[in-house]
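Working notes for the structure below.
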Amino acid sequence: MSTKGFIVDKQEKKPAFPLQTRKQYLRIHRNHICFVRFILEAYDGIALMRTIDAKKGIVEIMTAPGCDEEVDTLFNDLRQTILITPPLTEQQIS
């Protein structure tokens with residue numbers, strides 16, 4: 001059984017996880033963009049990263065459905081080592 005944008009757990013009759021990709025914009029020092037991309041690639045399929053503005057260090061993170069918690073944990077751990085801003089709004093990157 002499914003509803004718009006969610007897979008529904010048949011036993012509990014509630015959404016199991018969203019089917020839409022979450023997009024967020026972050027600012028990372030430009031020297032660390034490749035490092036973060038390689039880390040994400042090592043986690044095979046949980047997220048993709050696209051560079052929006054290399055000079056400003058703005059990247060877009062597209063998180064696969066159901067992987068939000070894992071990606072958030074990963075970025076919280078990376079923040080211990082490198083400077084990563086909290087998610088930016090589209091107005092902040094323009």
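The values are calculated or read from the model by the stated rules, or taken from the named source; none is laboratory data. Since the structure is predicted, the reported quantities are computational estimates derived from the model, not experimental observations. Cβ sites come from the backbone with ideal geometry, for glycine too, and all protein chains shown count toward neighbours.
Given the structure, is F35 aromatic (F, W, Y), at pLDDT 95 or above and farther than 18 Å from I93 by Cβ? Taking the combined requirement at face value, the residue satisfies it.
Every condition in (1) outside any helix (DSSP H, G or I); (2) under 23 Å from Q20 (Cβ atoms); (3) not aliphatic (A, V, I, L, M) is met by Q92 except one, and the failing one is (1). All of (1) crowded, with 16+ Cβ neighbours inside 10 Å; (2) at positive phi hold for G45 with one exception: (1).
Only residues that are acidic (D, E) and not in a helix (DSSP H, G or I): list them for region 27-77, please.
First pass over region 27-77, keeping only residues acidic (D, E): 41, 44, 53, 60, 68-70, 72, 77.
If the condition is that a residue be acidic (D, E) and not in a helix (DSSP H, G or I), then D44, D53, E60 are the ones that fit.
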